[in-house]
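Let me begin by presenting the structure, written as structure tokens, before commenting on it.
The values are calculated or read from the model by the stated rules, or taken from the named source; none is laboratory data. Quick caveat, the model's predicted, so the values are computed rather than measured. FYI the Cβ positions are ideal-geometry reconstructions off the backbone, even for glycines, and counts take in every protein chain you see. Each accessible area value is taken on the protein alone, full model and side chains, heavy atoms only, with ligands, DNA and RNA left out. Shrake-Rupley method; radii C 1.70, N 1.55, O 1.52, S 1.80 Å.
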Amino acid sequence: GMEQTEEEIVWEKLPSAPHIAKCLRFREHRRWSQRETLSLMEHSLIRMPNVLKERIFVPQLSRFDKIFASCWLDDDQLILGTKDNKLIYWDTQSNRTMQIDLPRKPEAEVVADNCGIHFTATNHIYNGGSLLATGSSNPSDIAIFGLHNMSPHCLLVGHQDWVFSADFITPHVLASGGRDGHVKLWKIPEESEVLHIRKPSLSRKEHNWKVRDVKVNAFTNEMVSVACDSVINYWNTYNMDVIWAIKLPDLREFMCSALAPDRHLIAVGCQSSVVMIDDRTGDVIDNITFDDPDWTVRSLAINHNLLSVGGGNVISS
């Protein structure tokens, strides 16, 4: 067989020691590799929920309705989207909040039936990324902001109904999904001195009902879309062909998704469970159910081996 490296031999000599002790021992002897870094990270993530403390920021946010969407800009600042269609900048260190004006098409009327802001997405994952995508004054439009001064960059117009989700495929290409059942691609101009109105560069309708979420795997140039027709589509973002599709008719009201590219996993949240899917084959690996029939999954996040689930009561929310 293959000869073991010195690091592997040292690792195996510490079989009974906790991961944290092993990692500290490696660091002490200056033998620090990606394997030990990931092990320490996973050890911390497993124990993190036990040390988290909740802080409630009532005075700063009580004047707004429910928060539907959020994304971090850095360790202290984040953007919030609310049910009453407000876009909020929030500095958690100073507790300062600021409402950001949403753009609208010239001479556009105020939309009475507004669903609120359901998504916020940045292109931070790409080098030099400085854009934010979110809902707009009209919930069927997408507003793009420059993060350096939070000024409107352009307005994406083309969905015929509310937009529920969007994610960046490249620094200047965005994918979106909406209640009209369409998945659309948009090319965003690199420079913008005035508010440009952009039409979609591509539109596909592979779902028979509203698309609730789209998530992009930037490492493989693939994307997942989940819809209320109980169908999950996995796309090639180069040519926008569907690689595989599965229908899970026993599960109702798909709401959200999250990707774990390093583990080839897709998590999909529905009315009363979270389904884990292998992104290479489309096979269902696990179905995590919840005991409370009145509780439904609303958001998911995966950080290495930690899955976080957010939800709410069906009746009250």
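What is the one condition in (1) open to solvent by 50 Å² or more (accessible area, probe 1.4 Å); (2) on the phi < 0 side of the Ramachandran plot that His264 does not satisfy?
(2)
What number goes with the only condition from (1) assigned to a loop (DSSP other than H, G, I, E, B); (2) under 26 Å from Tyr238 (Cα atoms) that Phe168 does not pass?
For Phe168, the failing item is (1).
Would you pick out the residues in region 121-130 that are assigned to a strand (DSSP E or B) and crowded, with 23+ Cβ neighbours inside 10 Å?
Within region 121-130, just Ala121 meets the criteria.
Note down all Cβ pairs under 6 Å where the first residue falls in region 142-164 and is over 17 Å from Leu80 (Cα atoms), the second is part of a loop (DSSP other than H, G, I, E, B) and charged (D, E, K, R), and they're at least six residues apart or on different chains.
Between residues of region 142-164 that are over 17 Å from Leu80 (Cα atoms) and residues that are part of a loop (DSSP other than H, G, I, E, B) and charged (D, E, K, R), the close pairs are Gly158/Lys199; His159/Asp180; Gln160/Asp180; Asp161/Arg179; Asp161/Asp180; Trp162/Arg179.
Leu156: open to solvent by less than 10 Å² (accessible area, probe 1.4 Å), among the aliphatic types (A, V, I, L, M) and either farther than 16 Å from Pro139 by Cβ or in a strand (DSSP E or B) (or both), yes or no?
When the stated conditions are applied, Leu156 passes them.
Hey, could you check region 90-107 for residues that are part of a strand (DSSP E or B) and open to solvent by 20 Å² or more (accessible area, probe 1.4 Å) and say which is nearest to His153 (Cα to Cα)?
Gln99
I'd like the residue in region 269-279 that is within 14 Å of Gly311 (Cβ to Cβ) and either open to solvent by less than 10 Å² (accessible area, probe 1.4 Å) or modelled with pLDDT of 85 or more (or both) and, out of all such residues, is nearest to the chain's Cα centre (by Cα).
Gly269
From Asp250, Asp286, Asp292, which residue is farther than 24 Å from Phe168 by Cβ, open to solvent by 50 Å² or more (accessible area, probe 1.4 Å) and part of a strand (DSSP E or B)?
Working: Asp250 fails: part of a strand (DSSP E or B); Asp292 fails: part of a strand (DSSP E or B).
Going through Asp250, Asp286, Asp292 in turn, the sole match is Asp286.
With the condition being surrounded by 19 or more Cβ atoms within 10 Å (Cβ to Cβ) and of a type outside the set (Ser, Thr, Tyr), I'd like the strands (runs of 3 or more DSSP E) fully within region 182-226 carrying at least 2 qualifying residues. Break it down stepwise before answering.
Numbers: elements: 183-187, 196-198, 202-204, 211-217.
Filter on region 182-226 gives 183-187, 211-217.
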